[in-house]
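Participant: Please read through the structure below; I'll follow up with questions.
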């Protein structure tokens, strides 16, 4: 029984280690993508401002209606 517990702990530890490594890889790739396509990102953000304001207005009207 003790060996099974050690084996499960080792598997959980190894799984957590791989998740941390994968998370770090995604963070690095995401940062590189932001830096590489900064101009396009700003264009998308500027394009979404209008849609965000429309959505905020709809939500505000829905709240005011109640």
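Participant: Against the longest principal axis of the chain, how steep is helix 38-65, in degrees 0 to 90 to the nearest 10, with axes from Cα atoms?
Facilitator: Roughly 70 degrees between the two axes.
Participant: Sticking with this one: Share of Cα-Cα pairs in the chain beyond 14 Å, in percent? Mind dumping the intermediate values first?
Facilitator: Numbers: 1647 of 2145 pairs.
Of all Cα-Cα distances in the chain, 77 percent exceed 14 Å.
Participant: Would you compute, from DSSP H runs of 4+ residues alone, the mean residue ellipticity of the chain at 222 nm, taking -39500 (n - 2.57) per run and dividing by the full residue count, rounded to the nearest 500? If you can, show how the numbers build up before the last one.
Facilitator: Numbers: 2 runs with 63 residues, N = 66.
It comes out at -34500 deg cm²/dmol, rounded to the nearest 500.
Participant: Please give the contour-minus-distance gain from residue 60 to residue 25: 0.36 nm per residue of separation, less the Cα-Cα distance, rounded to one decimal in nm. Mind dumping the intermediate values first?
Facilitator: Working: separation 35, 0.36 × 35 = 12.60 nm, distance 3.95 nm.
Once the chain is fully extended between residue 60 and residue 25, it gains 8.6 nm.
Participant: May I ask you to compute the full-extension gain from residue 38 to residue 15, defined as 0.36 nm times their residue separation minus their alpha-carbon distance, rounded to one decimal in nm?
Facilitator: Details: separation 23, 0.36 × 23 = 8.28 nm, distance 3.39 nm.
So the chain would gain 4.9 nm between residue 38 and residue 15.
Participant: Ok, one more. Compute the helix-to-body angle for 2-36: its Cα long axis versus the longest principal axis of the chain, expressed 0 to 90° and rounded to tens.
Facilitator: 30
Every number in this text was worked out from the coordinates using simple rules, so none of it is lab data. In this text the structure is predicted, and so the values were computed from the model without any measurement.
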